[in-house]
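Student: Sharing a structure below in structure tokens format, with a few things to ask.
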Amino acid sequence: MKRLVLLVILLVLVAAAGWGFFYLRMGEAYRGFSGAEQFVDIPPGASTRTIGDRLVDAGIVRDRATFRLALWMSGRGRLLKAGEYRFEQPMTPLDVVGKLARGEVYVIRVTFPEGLTIREMAAIFETHGLGTAAEFVKAAKDVSLVRGLDPVAKSLEGYLFPETYAVSRRADAASLVHLMVEQFKRVRTSDLQAAVAARGLSLHEVVTLASIVEKETARPEERPVVAAVYENRLRLGMPLQCDPTVIYALQERGKYTGNLRREDLALDSPYNTYRYAGLPPGPIASPGKASLESVVHPADVDYLYFVSRNDGSHAFTRTFDEHSRNVNKYQIEPAREKRTRGGRGG
């Protein structure tokens, strides 16, 4: 009888020691991989056993028993989320479980500001290590993604919505382009669609004009006014004479040097709104929501001209004479003074 009691006591002590051993490990940070970082992919529907095996094999958790105890202690075994996780620093088993339960999957954030062309977006894509710029440009030619929106689109120019996108390391150009088009579709709300229809414009025309507005001004309060200027010109049959459209044409031909010269305005391109009346064949950049809204809700003004004040704002006028005076005031005279100061300095 005494031997049985002693055996029971011994077993209890061993169990307590084992429990204590693994309990202490709950508070020990562990890092069993040698590189700067380690990635672990948790597939959808994976069992906790599979998850534990992957974490142990990757050197994130010391052993399977410790992981199972961490799950039990945390009570979050049913909350672990699928995805790819990145580990850099030593972590306790409970911290690892918490990371997976919160779904802190590793993503690459790619930000595309408003007003970029496909080629400019492609360069950003490449800098994030997701693929080459050429792959992005190729993916952006898949007009089937917008066929229901714009039957005449020749590329996805204008339909890759400018936004910050969180993607996995395995994301390629095609998947990101698809995300960007889907975001455009979400921004194209029923209210926006109704406003487009009310103005008697096609979505192609709205996006094209919005891309011009986006390139002409970065000031929110000016966008509806700029949109009104161009709509007034279109209504009167006046040429748009929009510098950004010429720049776009030059960029497409690899001839833009960073400065728009007077002789460039004679470029024979359907995008040259100095030579060809009406809107260019398509968008010249990706407009943001504010620019899209400005086209369907333009300001109630009769301006026909505007010129930069060289401070980010513009001076708007109704007549060509007023415009000429503003051009002299804000462009010609400052340039002359700059040349004069430069001559004196030399």
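The values are calculated or read from the model by the stated rules, or taken from the named source; none is laboratory data. Remember, predicted model here, so these are calculated numbers, not experimental data. For neighbour counting, all protein chains shown are included, and Cβ atoms are generated from backbone atoms with ideal geometry for every residue, glycine included.
Student: Looking at Tyr159 and the list (1) of a type outside the set (Gly, Ala, Ser); (2) in contact with a Ser or Thr (Cβ under 8 Å, 6 or more places away or on another chain); (3) surrounded by fewer than 16 Cβ atoms within 10 Å (Cβ to Cβ), which single condition is not satisfied?
Tutor: It is condition (3) that Tyr159 fails.
Student: Being farther than 30 Å from Val181 by Cβ, surrounded by 16 or more Cβ atoms within 10 Å (Cβ to Cβ) and within 29 Å of the chain's Cα centre (by Cα), is that true of even one residue in the range 109-122?
Tutor: No; the residues of the range 109-122 include none that is farther than 30 Å from Val181 by Cβ, surrounded by 16 or more Cβ atoms within 10 Å (Cβ to Cβ) and within 29 Å of the chain's Cα centre (by Cα).
Student: Charged (D, E, K, R) and surrounded by 15 or more Cβ atoms within 10 Å (Cβ to Cβ): does that describe Asp41?
Tutor: Working: charged (D, E, K, R): yes; surrounded by 15 or more Cβ atoms within 10 Å (Cβ to Cβ): yes.
Yes.
Student: Still on this structure, please answer the following. Name the residues in the range 162-180 that are surrounded by fewer than 19 Cβ atoms within 10 Å (Cβ to Cβ) and of a type in the set (A, V, I, L, M, F, W, C), would you?
Tutor: Ala166, Val167, Ala174, Leu179
Student: Within the range 147-262, considering only helices (runs of 4 or more DSSP H) that don't extend past its boundaries, which have at least 2 residues that are among the hydroxyl-bearing types (Ser, Thr, Tyr)?
Tutor: Hits in the range 147-262: 203-216, 243-252.
Student: Next question, about the same structure. Quick one: what pairs do we get from the range 28-44, first residue assigned by TED's automatic domain parsing to the domain that holds Val96, second acidic (Asp, Glu), C-beta under 6 Å, 6+ apart or different chains?
Tutor: Glu37/Glu88; Phe39/Glu84; Asp41/Glu84
Student: Right, here's the next one. Quick check on Arg54: is it in the same structural domain as Phe67 (by TED's automatic domain parsing), closer than 20 Å to Trp72 by Cα and at pLDDT 60 or above?
Tutor: Working: in the same structural domain as Phe67 (by TED's automatic domain parsing): yes; closer than 20 Å to Trp72 by Cα: yes; at pLDDT 60 or above: yes.
For Arg54, the condition - in the same structural domain as Phe67 (by TED's automatic domain parsing), closer than 20 Å to Trp72 by Cα and at pLDDT 60 or above - is met.
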